Amino acid sequence: MNDKKAIGQLGVGETADLGEMSLNGSAGERLREMGLLPGAPIRLVRRAPLGCPLEFEVAGARLAIRGRDAARIFTQ
Amino acid sequence: MADTRLFALVGNPNTGKTTLFNALTGLRQKVANYPGVTVEKKEGTGRDRHGNEFRLIDLPGAYSLDAKSPDEEVTCAVLHGERADTPRPDAVICLIDASNLERHFYLATQVMELGLPTIIVLNKTDEAAERGITIAAKKLEERLGVPVVPMQANARVGMEQLQVALSREEPPKPKWESMVGNDVAARYEKINALLEGTVARGDVERLTPTDRWDRVLVHPVWGWVILLGILAGLFMTIFSVATYPMDWINAGFGWLGEQVKASMAAGDLRSLITEGIIGGVGGVLIFLPQILILFFFIGLMENTGYLARVSFMMDRLMSGVGLSGKAFVPLLSSYACAIPGIMATRTMESARDRLITILVAPITSCSARLPVYLMLIALMLPIGNATQKALVLLGLYGLSILGVYAFAWVFNRTLEKTGETLMVLELPSYQSPSWREVLMQLLERGKIFLRRAGTVILGLSILLWALTTYPKSDSENASEQLAHSAAGRMGKAIEPVIAPLGYDWKMGVGLVASFAAREVFVSTMSIIYLGEDATGEGNTVREKMAKEKRADGTPAYNVRTCLSLLVFYVFAMQCLSTVAVTRRETNSWRWPIFQVVYLTGFAYIAALATYQISGFFLT
């Protein structure tokens, strides 16, 4: 069992289960609608060549999220 | 025959909606804007198996009917029958990516709950199979009570079955009710229950082709090498290959003008036709080859999925001033020409990002500035060598990059923030390009450019022709005639305003004339200084300009004045086509007018500062 940490702190290739997120309002809801729900596995695929954004595989899709936002989405 | 039925095409972004729309409607489509918003409205007609015509409307891509962007608001409103400009559809074709059923059913279940007859299309079944996903479409069909059609829209696989479903007399309504409203987690539970036993996932841990491509294309070293290579190739094509058709167009319009001149008596009407109309239309058409090449490259990059990777790589460089990586390609295209650049902002979903990108796009050093730059640099450094001249040119490009960043930063600070500040970039799987789709998009964009920009340009070039022609003087000399005309008087009238910038009234005429298009400055200068036709030899104009003296006997085109003019041309909004395209893309006159005012205002201040401050160092 992993400790709770932000998905931005995952190592490249590491998979974890999603927990809570502290993104409020429509931003958080949009991510939930896209399938980023608690319990869903999320994998950090790679970082962009300049370090940001981060590419994740989650809910059957590849999504790039900025480091700032990824710091507010946590694993279980 | 019954009334023409109206189908709506609904789906997430990147689902292949446009591909299916093109496959169903062919070239029978029209593109417009929804009144009041910057959202594109695409409608077309097709025929069902009985030969009956149906209308198809391609609704903007949406992740949810709980709208979070102007695009989604339009989709939601049309489906609810709440937009006065669009009737409520009779039935819905809901497009789902077979490789990611759960997420796509989020929107699809919301749509089914509207109670409209529905057809579910499972697109990209080939890609799903690649990932080991097989779907029992028949089982889903039984559970939902509506047709479920597996397809590969890009290869037209499954069209037959979709046509059958479209041709039904009474298309069935879905027997689906979740009763969860907008509780996201509860909806996903219902979706999982629905999909239970219909999806088989094979064990595939191997690398997908997309993984293999990404290893190279977004590699920290090779990724940049390839991106730079592609961009270099793009610009070389624009500046070399495009010159051939541009020469033909130029020659064609020249020939046309000669024909008119030969068959008509000299007079105002002939001048209007040859200089106002043929010259004006030719001035627009000449850019068409460059614009089409740009659209072709952007369309290809978008179609294959590479454009999303470019945004991914560039996001970091754009985020500092509040733009997203998606703004990179439109802004880069603007270095060739702001028109395709502004039109390319359609690939951006965020309305705010899009507006900021459109507002700063004219600062990029488009190719029309080049002739002006070259003329002024030659005047400024008459004895300078090629390296010095190249450095000045490089400095001007640097200044424009700085300007783009600075103004994007300012607009990001000042424009009202919309609720969503999150940047989510979906990286779709790579696919081999669909040439048909790329070409159809090319055709559509080209048509929009010609129709919308063309009509405005034609009107304004006639106006400009009138300004430089009337009132008439008795003089046969073109130079004296120009001085006598309204444009000439305007140049003299603004002389007190532009004198602090180091300009005289002749330069003022050039400035006035080049509000139509920057490169007009060069031809206007040749009329003023040569008193001949615009086709006079460049060198002699330059020599005359170099000899031009002020009242005190010093050269009119000294270093300070040239610098000031150059800075003015970096920032000033002097392109009617861009005004017309901004008007079209933002769907209002507010933004193009704002653009003209802020850019020209800033150009004035910057040129003033340049002239006055340089006075401390140069004489």
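In order along segment B:57-67, the Karplus-derived 3J(HN,Hα) couplings, from 6.51 cos²θ - 1.76 cosθ + 1.60 at θ = phi - 60°, round to 10, 8, 6, x, x, 9, 8, 7, 7, 7, 4 Hz, and Gly and Pro are given as x. Note on the protein assembly as shown: with charges restricted to the Cβ of Lys and Arg (+1) and Asp and Glu (-1), its dipole about the Cα centre is near 760 debye. Per the Cα gyration tensor, the protein assembly as shown maps to an equivalent ellipsoid with semi-axes of 53, 30, 21 Å, ordered largest to smallest. Computed over segment A:7-75, the convex hull of the alpha-carbon atoms projects to a mean area of 3.9 nm². Volume per residue of the convex hull around the Cα atoms, evaluated for segment B:157-221, comes out as 228 Å³.
Cα-Cα over 29 Å: which of B:K41/B:K68; B:K68/B:K139; B:K261/B:K389; B:K68/B:K190; B:K17/B:K138; A:K4/B:K139? Going by Cα-Cα distance, B:K68/B:K139; B:K261/B:K389; A:K4/B:K139 fall outside the 29 Å limit. On the principal axes of its alpha-carbon atoms, segment B:456-614 has extents of 49, 41, 27 Å, going from largest to smallest. How much length, in nm to one decimal, is gained on full extension between B:D203 and B:L402, taken as 0.36 nm per residue of separation minus their Cα-Cα distance? Length difference between fully extended and current span is 66.5 nm.
Taking 1.306 mPa s as the viscosity and 10 °C as the temperature, the Stokes-Einstein diffusion coefficient of segment B:5-201 based on its alpha-carbon Kirkwood radius rounds to 94 µm²/s.
Of the residues B:L195, A:G67, B:S475, the one whose Cα sits farthest toward the positive end of the charge dipole of the protein assembly as shown, with +1 on the Cβ of Lys and Arg and -1 on the Cβ of Asp and Glu, is B:S475. With the simple model of a label 7 Å out from the Cα in the direction of the Cβ, B:L27 to B:R489 spans 4.9 nm. Kirkwood hydrodynamic radius of segment B:258-374, from the reciprocal of the average inverse Cα-Cα distance over all distinct pairs: 16.3 Å. The simple Förster model, with R0 at 45 Å and r as the Cβ-Cβ distance, assigns A:E20 and B:I462 a FRET efficiency of 0.10. Normalised by the number of residues in chain A, the average gap of Cα pairs under 8 Å and 6 or more apart makes the relative contact order 43 percent. Taking the inverse of the mean 1/r over every pair of distinct Cα atoms in chain B gives a Kirkwood hydrodynamic radius of 27.2 Å. Membrane-span-like helices in chain B, defined here as complete DSSP H runs extending at least 18 Å along the helix axis by their C-alpha atoms with mean Kyte-Doolittle hydropathy no lower than 1.0, are B:222-236, B:288-304, B:386-414, B:454-469, B:559-571; this is a sequence and geometry rule, not a statement about a membrane. Site pair B:T243 and B:A386 shows an inter-label distance of 1.4 nm when each label is modelled 7 Å from Cα along Cα→Cβ. Binning the C-alpha pair distances of segment B:303-436 at 10 Å intervals from 0 yields a P(r) profile of 12, 36, 28, 17, 6, 1 %, listed from the shortest bin outward.
Quick note: the coordinates plus some simple rules give every number you see, no bench work behind them. Quick caveat: nothing in here was measured; it's all calculated off a predicted structure. Quick reminder, even Gly has a Cβ in these numbers, built from the backbone with ideal geometry, and neighbours come from all protein chains shown.
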